[in-house]
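The values are calculated or read from the model by the stated rules, or taken from the named source; none is laboratory data. Remember, predicted model here, so these are calculated numbers, not experimental data. Glycine also receives a Cβ, built like all others from the backbone with ideal geometry; neighbour counts cover every protein chain displayed.
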């Protein structure tokens, strides 16, 4: 029998691929891996298609048993990786024999590690994606001990050393480029001008839905009243009544009623947001 048996699921481990875009009109978030570059690297190391499903762990890793011979790779937040108690390489293909136990340890920096397997995880797709969506409940459930994860057919063996450059480490300060609009005029000119000088912190209330901030200088409304619900996009920076920005991540709702002061474009900055631990300073930088 092929597959991976979950021995220790970790604090929050989910199956993620590149998500399910194109269904926002049905109220379905995109979802997918938060750190897209780390997810892509794990798949490249194994010769998988870029959209192959892998595991996304949160802070304290995961433990798995190989039910058949396979190859895995761990990227994202740096962590210890052991096979049946023996240290092996992080950020490189690692061969597992039948019965071998893979232990992905606690993140040494950052938050989220990615565990890919050659052939990808072959859980049943929903609306074209194998991603777990914590907001809507679509896709496979959060990992539990005793779950068997099916593995797909392996692709061609990748070239050795193709990704030796690695990835940037977890941010000690999160700098987020921000394009103002569409509702920047709902805030006072002084608040918007002060946004570029303010230093917020990542809140412990952050999750896959959004990166919440704390401390800093709250934005002050220039308008009273409520804003009708409108569409939201990945990276939208919504400002709730407390004035502290929330950056929408992969599992964000597709509509919202609080004003959006600006949008952080998809790319390296949102990948860095996926690895920013609570307490990390957050600054917004004006982007055009």
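Observations on the model:
- Conditions (1) within 17 Å of the chain's Cα centre (by Cα); (2) surrounded by 22 or more Cβ atoms within 10 Å (Cβ to Cβ): number failed by residue 12: (2)
- Conditions (1) more than 15 Å from the chain's Cα centre (by Cα); (2) without any contact (Cβ under 8 Å) to a residue 24 or more places away in the chain: number failed by residue 108: (2)
- Members of the range 119-152 that are outside any loop (DSSP other than H, G, I, E, B) and touching a strand residue (DSSP E or B) at 6+ places or on another chain (Cβ under 7 Å): 121, 148, 149, 151
- Number of positions in the range 279-288 that are within 21 Å of the chain's Cα centre (by Cα) and either within 24 Å of residue 185 (Cα to Cα) or surrounded by 14 or more Cβ atoms within 10 Å (Cβ to Cβ) (or both): 5
- Residue list for the range 219-236, restricted to those being farther than 26 Å from residue 23 by Cα, surrounded by fewer than 18 Cβ atoms within 10 Å (Cβ to Cβ) and in contact (Cβ under 8 Å) with a residue 24 or more places away in the chain: 220, 221, 222, 223, 226
- Qualifying positions in the range 185-211 - closer than 18 Å to residue 283 by Cβ and buried (at least 20 other Cβ atoms within 10 Å of the Cβ): 187, 191, 195, 200, 202, 206, 210, 211
- Some residue of the range 83-103 being under 16 Å from residue 34 (Cα atoms) and in contact with a strand residue (DSSP E or B) (Cβ under 7 Å, 6 or more places away or on another chain): no
- Residues satisfying the stated conditions in the range 20-39, i.e. within 26 Å of residue 91 (Cα to Cα) and in a loop (DSSP other than H, G, I, E, B): 31, 32, 33, 34, 35
- Filter result for the condition that a residue is outside any loop (DSSP other than H, G, I, E, B) and either touching a helix residue (DSSP H, G or I) at 6+ places or on another chain (Cβ under 7 Å) or surrounded by fewer than 19 Cβ atoms within 10 Å (Cβ to Cβ) (or both), over 116, 42: 116
- Residue count for the range 237-265 under the criterion of being without any contact (Cβ under 8 Å) to a residue 40 or more places away in the chain and within 20 Å of residue 171 (Cα to Cα): the result is 2.
- Boolean, residue 65 is assigned to a strand (DSSP E or B) and surrounded by fewer than 24 Cβ atoms within 10 Å (Cβ to Cβ): yes
- If the condition is being more than 23 Å from residue 136 (Cα to Cα), within 24 Å of the chain's Cα centre (by Cα) and modelled with pLDDT of 95 or more, then the range 214-263 contributes 214, 244, 261, 262.
- Test for residue 89: is it in contact (Cβ under 8 Å) with a residue 40 or more places away in the chain and either surrounded by fewer than 15 Cβ atoms within 10 Å (Cβ to Cβ) or part of a strand (DSSP E or B) (or both): no
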